[in-house]
1. Given the DSSP H assignment, sum -39500 (n - 2.57) over each helix run of at least 4 residues in the chain and divide by its residue total; what's the result at 222 nm in deg cm²/dmol, nearest 500?
2. If a/c stays under 1.5 just call it rounded; otherwise compare a/b with b/c (prolate if a/b is bigger, oblate if not). Do that for the range 108-211, with a ≥ b ≥ c from the square roots of the Cα gyration tensor eigenvalues.
3. Identify, among Val175, Tyr73, Val41, the residue whose Cα sits farthest towards the positive end of the charge dipole of the chain, taking +1 on the Cβ of Lys and Arg and -1 on the Cβ of Asp and Glu, with the dipole about the Cα centre.
4. Give me the lysines in straight-line cross-link reach of Lys212: C-alpha distance below 27 Å, same-chain residues under 8 apart excluded.
5. Order of 105-115, 168-178, 199-209 by packing, highest average Cβ count within 10 Å first?
6. What shape does the range 115-170 take by its C-alpha gyration tensor, where a ≥ b ≥ c are the square roots of the eigenvalues and a/c under 1.5 counts as rounded, a/b above b/c as prolate, and the rest as oblate?
7. If you average the C-alpha positions of the range 107-146 and of the range 14-90 separately, how far apart do those two centres end up, in angstrom?
8. Evaluate the relative contact order of the chain (contact order divided by residue number), counting alpha-carbon pairs under 8 angstrom at least 6 apart; express in whole percent.
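The values are calculated or read from the model by the stated rules, or taken from the named source; none is laboratory data. All of these numbers come straight from a predicted model, not from anything done at the bench. Please note: Cβ atoms are built from the backbone with ideal geometry, for glycine as well, and neighbour counts cover all protein chains shown. Surface areas here come from the heavy atoms of the whole protein model, side chains and all, with no ligands, DNA or RNA. Shrake-Rupley method; radii C 1.70, N 1.55, O 1.52, S 1.80 Å.
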Amino acid sequence: MSGLSHALALGAALFAAAPEAPSGDAILRRVDENLGSDNKVTRARMTVRGRGGSRTVEMQSWIRGMKESFTEYLAPPRDRGTKMLKLGDQLWTYFPATDRTVSIAGHMLRQSVMGSDLSYEDLMEDPRLSEIYDARVEREEEVRGRACWVLALSAKRPGLAYHARQVWVDQERLVLLRENRYARSGRLLKTTEVEEVETSGRRWIAKRVVFKDVLKGGEGTTFELQSIEFDAAIPDHVFSKASLRR
């Protein structure tokens, strides 16, 4: 075999042996697997930086799988005792000031949660993106020095809060580091920037995230995870409407 033929054959062999990049759908499934569906208890702080100044809300949440969650607001004093219960596609909020429980549905889902850049609709969405979006790899790009896959997501069904998304997935840690959310028209609605991640057991999780509703003023909402307990033992009664008034 001539030197040129040998070089061509070696190059072809190396090309054939090169690992194939995973598909967008496969990457998204791995992101969802990293999230897991364990029972967990979290403590978090949310700082809303609006036009009129900033305010910080503290909360504790009990989460079972992907469909059930209970959140109690602990601070500031005016919000203390406010509670939210999510059961499947239903959401209720209890307001202690009026001693009323309100079902959040229809157009109310688009309202802001505690004045933040997050809506009730955001809270209700299935966190497993692979269940509701098809994914395609657009390119590779660095975010904060981390190699990422940039995925274009398109809705699998009508009626989702966001028709399309663009996400930056850390190739090693399998967490989202950046996200853009779009309307059907292509208009950018919201952005997400992960500023800090940490390990919890065998998972990487987002510790500090900035959400921005681009249609409203202010500098965005920072969500900071203070603690998380996986595989927590949570009594069944937590996920009941009666728990809202306890």
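1. On the way: 4 runs with 36 residues, N = 246.
Helix-only estimate at 222 nm: -4000 deg cm²/dmol.
2. Working: a/c = 1.77, a/b = 1.28, b/c = 1.38.
In terms of gyration-tensor shape, oblate.
3. Value computed over the given set: Tyr73.
4. Lys40, Lys67, Lys83, Lys86, Lys156, Lys190
5. Numbers: 105-115: 13.2, 168-178: 19.6, 199-209: 15.1.
By packing density, highest mean first, the sequence is 168-178, 199-209, 105-115.
6. oblate
7. Using only Cα atoms to place each centre, the spacing works out to 10 Å.
8. Values: 494 pairs, mean separation 48.9, N = 246.
Worked out over the chain, it gives 20 percent.
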